[in-house]
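Structure, as structure tokens:
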Amino acid sequence: MKVWLTPRNAFVVALLAVLALLPVYSALTGNTFMVTLFTRIIILAIAAVSLNLIMGFGGMVSFGHAAYLGIGGYVVGILAKEGIDTGFIQWPAALVLSGLFALGVGALSLRTRGVYFIMITLAFAQMVYYIANGLDRYGGDDGLTIQRRSDFGGLINLSNRTVYYYLCLALLLATVYFVWRMVKSRFGLVIQGSRSNDRRMRAIGFSTFRYKLTCFVIAGVLCGLSGVLLANHTNFISPALMHWTRSGDLIVMAVLGGMGTVFGPVIGAVALLVLEETLPHLIGFVSYVLIGKEVVAAKEYWQLILGPMLLLIVIYARGGIEGLIAGSRRG
Amino acid sequence: MLYLIEQCLNGMQLGMLLFLLAAGLTLIFGIMDLVNLAHGSLYMLGAYFAATFVELTDSFLAGIGLGLGATLVAGIVLEMIAIRPLYGRDHLDHVLGTFGLLIFFNEFVRLIWGPAGLTISLPSQMLTAVQVLPGVYYPLYRLVIILTTLVVALLLYILVMRTRIGMLIRAGASNREMVGALGVNIKLLYTLVFGLGAALAGFAGMIQAPLAFVQIGMGENILILAFVVIIIGGIGSIRGAFVAAIIVGLIDTMGRVFLPDLVRHFLSYSAGSSAGPALSSMLIYTLMALVLIFRPEGLFPASSK
């Protein structure tokens, strides 16, 4: 019989409980910053989960995943600027465009493998990045402020912070569930099979290219959704949304949490972004303990610690945080 | 016509700069099979070192020389501490680990030199323009960059193709286990190659610095261009990197100069000014995508040289 109460599952449940109760805590203490921060974390977690679908399960290391964040965001921003506020048009348009872009990129880049795949996905993302830079009407490299969040009539009010938080959380859970079901399905098994041995999968009669392309498009659409949510969250879009270092951040989240597990990227996104917020304070605290006073200047340089930490994780903790929690069982 | 020649020279100059970065990158990639995102950080470090030493010694050449030495040392130390454990791991590990290094270096530079950025001023005799062709004047310093880099390229070619070290490097690229089994100190060889790549990247950073601004993150966008160059040229091939760097440099410069006019011809004036740079950048990435689709191993694959 399968044991459900593993340290890993306990951790996941605890994390979900924290996420579910966060607005309550925030309402009680009046600390609205937490909700804003965690809305952002949840949105980026959706992007990380979608990247992990192709990277962790399909072995397709996309170094241009932030492009879909940008496409999703820009469709919302551009339509809003042109006076189309309704989410019933904005959201489907964004998802369809993300999917079409993924179809084009995937059809070309899936012909290559390894580092060439990494580079060609990067190249396409850079193209979108420069297009956004050239869109003068929509702010160019300064970006564009979105006056109103997407309007869903009386259905749901996105301007309410708590409502928006729970909407994002629900979408994250739906994404995780969807990816989980997909990975367990026949389709998912073909994808994972082609990661370990593509030639063998083709030999037993699967057209792995079509499977991988479909998977690539699904990941693109999911990340486009994340972009839609992000634009609505910050009410602002700019090319910085898809700078290549942003794609790097998404890879970090997926790997940090533990690649090849469905929930790992969520943990990774929470870990990375919470670390970003807390490392400065942590440094201040450590300096307080060590020399008796807080070195304010040192707090600014938290990335000095983050960078080497990433390297150490790569070298010593290949399974990411999930792997650490699950113990050595996981390879 | 004169304008065209001038822009050609500008394109050459950018190409030469890209070559310096790409040569190191392609050697590191071809021989150690390492994707090094921190290569742009060495470009940045070189510029900061040179700016500091020029300031200290009050001499441009001495500053460049000392800066070059400092970048070489930094590269070697970096390889020994952080890069070595990454050899033999998969490319995703490289991307992630060196991405961490890139974050570290940006912050490190901010800690040491501050967020403001630096400048390197040229010696006064470099500030003149020379007549390259009847009626075509060109800034002396840019010409010096082109010629110096051509010399560096030639030296690099001789080093790799005509010396014993170069032979070991090429041998290491095609079969590292065999070279190790024959008693060559592969570790040392790798360190040397990485140091060489670091010095080349640093050199690129410092000679470009007087034309631009020495600032944090200056290596990030040009690093991506250098990756495009080595993909187009063929990974591991110095000759390929050379040709591809010139192609990319020319396309980028020509695109920036002439595409806006072309767009203006069809659309409005302002559309041209903003769409021009975007279009020329797209040209480069389109070229790379085409190369990857039709000649995935690059224009000059290393194995066929």
- Query: What are the residues in the range B:36-62 that are outside any helix (DSSP H, G or I), farther than 11 Å from B:E220 by Cα and of a type outside the set (S, T, Y), if any?
  - Reply: B:N36, B:D58
- Query: Out of (1) more than 29 Å from B:Q13 (Cα to Cα); (2) more than 20 Å from the chain's Cα centre (by Cα); (3) at pLDDT 90 or above, what's the single condition that is false for B:Y190?
  - Reply: (2)
- Query: Which one is nearest to the other protein chains (Cβ to nearest Cβ), of the residues in the range B:205-219 that are part of a helix (DSSP H, G or I) and more than 17 Å from B:L78 (Cβ to Cβ)?
  - Reply: B:M218
- Query: Any residue in the range B:22-33 that is touching a His at 6+ places or on another chain (Cβ under 9 Å), within 12 Å of another protein chain (Cβ to nearest Cβ) and not in a helix (DSSP H, G or I)?
  - Reply: yes
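Per-residue answers, yes or no, for (1) farther than 30 Å from A:G114 by Cα; (2) among the basic types (K, R):
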{"residue": "B:P115", "(1), (2)": "yes, no"}
{"residue": "B:S121", "(1), (2)": "yes, no"}
{"residue": "B:G135", "(1), (2)": "yes, no"}
{"residue": "B:I146", "(1), (2)": "yes, no"}
{"residue": "B:A153", "(1), (2)": "no, no"}
{"residue": "B:Y157", "(1), (2)": "no, no"}
{"residue": "B:V160", "(1), (2)": "no, no"}
{"residue": "B:R164", "(1), (2)": "yes, yes"}
- Checking B:A82 against (1) touching a Lys or Arg at 6+ places or on another chain (Cβ under 9 Å); (2) aliphatic (A, V, I, L, M); (3) within 14 Å of chain A (Cβ to nearest Cβ), which test does it fail? (1)
- Can you tell me which residues in the range B:233-244 are facing chain A (nearest Cβ under 10 Å) and either more than 19 Å from B:M32 (Cα to Cα) or small (G, A, S) (or both)? none
- Out of the residues in the range B:278-297 that are facing chain A (nearest Cβ under 7 Å) and out of contact with any Leu (no Cβ under 7 Å at 6 or more places or on another chain), which is surrounded by the fewest Cβ atoms within 10 Å (Cβ to Cβ)? B:P296
- Note on the structure: Expected single match for free of Cβ contacts under 8 Å to residues at least 40 places away in the same chain, surrounded by fewer than 24 Cβ atoms within 10 Å (Cβ to Cβ), β-branched (V, I, T) and away from chain A (no Cβ under 14 Å) among B:T52, B:T57 is B:T57
- Task: Quickly run through the range A:147-194 and pick out the residues that are charged (D, E, K, R) and at pLDDT below 90.
- Result: A:R148, A:R149, A:D151, A:R161
- Message: Return the residues of the range A:224-238 that are surrounded by fewer than 24 Cβ atoms within 10 Å (Cβ to Cβ) and closer than 19 Å to A:G140 by Cα; say none if nothing qualifies.
- Response: A:T234, A:N235, A:F236, A:S238
- Message: Regarding the range A:240-251, can at least one residue be identified that is more than 14 Å from chain B (Cβ to nearest Cβ) and modelled with pLDDT of 85 or more?
- Response: yes
- Message: For A:S287, only one of the following conditions fails: (1) in contact (Cβ under 8 Å) with a residue 12 or more places away in the chain; (2) among the polar types (S, T, N, Q); (3) more than 30 Å from A:L173 (Cα to Cα). What is its number?
- Response: (1)
- Query: Only one of (1) more than 8 Å from every other protein chain (Cβ to nearest Cβ); (2) surrounded by 20 or more Cβ atoms within 10 Å (Cβ to Cβ) fails for A:A123. Which number is that?
  - Reply: (1)
- Could you tell me which residue of the range A:81-105 is nearest to A:Q147 (Cα to Cα), considering only residues that are at pLDDT below 95 and surrounded by 24 or more Cβ atoms within 10 Å (Cβ to Cβ)? A:Q90
- How many residues of the range A:109-120 are surrounded by fewer than 23 Cβ atoms within 10 Å (Cβ to Cβ) and more than 7 Å from chain B (Cβ to nearest Cβ)? The answer is 3
- Residue check, A:F63 over 30 Å from A:M119 (Cα atoms) and among the aromatic types (F, W, Y): no
- Query: Here are B:A82, B:A38, B:A74: which of them is modelled with pLDDT of 95 or more and closer than 30 Å to A:V115 by Cβ?
  - Reply: B:A74
- Name the residue, out of A:G73, A:G106, that is more than 9 Å from every other protein chain (Cβ to nearest Cβ), under 18 Å from the mean Cα position of the chain (by Cα) and either closer than 23 Å to B:L279 by Cα or not small (G, A, S) (or both). A:G73
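The values are calculated or read from the model by the stated rules, or taken from the named source; none is laboratory data. Just so you know, these numbers come straight off a predicted model, no measurement behind them. So basically every Cβ, Gly included, is an ideal-geometry build from the backbone, and we count neighbours across all protein chains shown.
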